[in-house]
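Inspection log for the structure reproduced underneath, given as structure tokens.
Read the figures in this text as sums done on the coordinates, not as results from a lab. Computed from a predicted structure; not experimentally measured. Neighbour counts run over all protein chains shown; Cβ positions are idealised from the backbone, glycine included.
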Amino acid sequence: LKSGGIMFIYLPHKNSKYWQPYNNMKHFWQPTRKLMKGYFKDRGFKNITVTGCDAYNGFLCFAEKK
């Protein structure tokens, strides 16, 4: 990602039973809001936003690359 680029990710929230690793064998990992915020922060992103659970049991993450 180039400097100034925007990373946009939509992930399943832990409330979504379908995407839990024990219900869906295609998923080996369950992202959390805290984990994603730390990921962006540790990699030098700025303007980090991680939303709460939405009506579709997902959450949005976006951040700007420094």
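What distance in nm separates the two pseudo spin-label positions at Cys53 and Lys66, each 7 Å out from Cα along the beta-carbon direction?
3.4 nm
Given labels modelled 7 Å from the Cα in the Cβ direction, how far is it in nm from Tyr10 to Thr32?
So the label points at Tyr10 and Thr32 sit 2.5 nm apart.
What is the log10 of I(q)/I(0) for the stretch 1-58, computed with the Debye formula using one identical point scatterer on each Cα and no solvent, at q = 0.19, 0.27 Å⁻¹?
Ignoring solvent entirely, the Cα scatterers give -0.76, -1.13.
Using 0.36 nm per residue, how much length does the chain from Asp42 to Asn23 gain when fully extended, once their Cα-Cα distance is taken away?
Working: separation 19, 0.36 × 19 = 6.84 nm, distance 3.05 nm.
3.8 nm is the gain from fully extending Asp42 to Asn23.
Run the count for the chain, please: Lys pairs, Cα-Cα under 24 angstrom, 8 or more apart or on different chains.
Lysine pair count for the chain: 24.
At most 15 other Cβ atoms within 10 Å and a DSSP loop assignment: could you name the chymotrypsin sites (Phe, Trp or Tyr not before Pro) in the chain that fit? Before the final figure, lay out the partial values.
Values: sites: Phe8, Tyr10, Tyr18, Trp19, Tyr22, Phe28, Trp29, Tyr39, Phe40, Phe45, Tyr56, Phe59, Phe62; in loops: Tyr18, Trp19, Tyr22, Phe28, Trp29, Tyr56.
Taking the chain and a limit of 15 other Cβ atoms within 10 Å, the loop chymotrypsin sites (Phe, Trp or Tyr not before Pro) found are Tyr18, Tyr22, Phe28, Trp29, Tyr56.
Normalising by the residue count of the chain, find the relative contact order in percent from Cα pairs under 8 Å and 6+ residues apart.
Values: 110 pairs, mean separation 29.8, N = 66.
After rounding, I find 45 percent.
Report, in degrees rounded to the nearest 10, the 0 to 90 angle that the Cα long axis of helix 33-42 makes with the longest principal axis of the chain.
30 degrees
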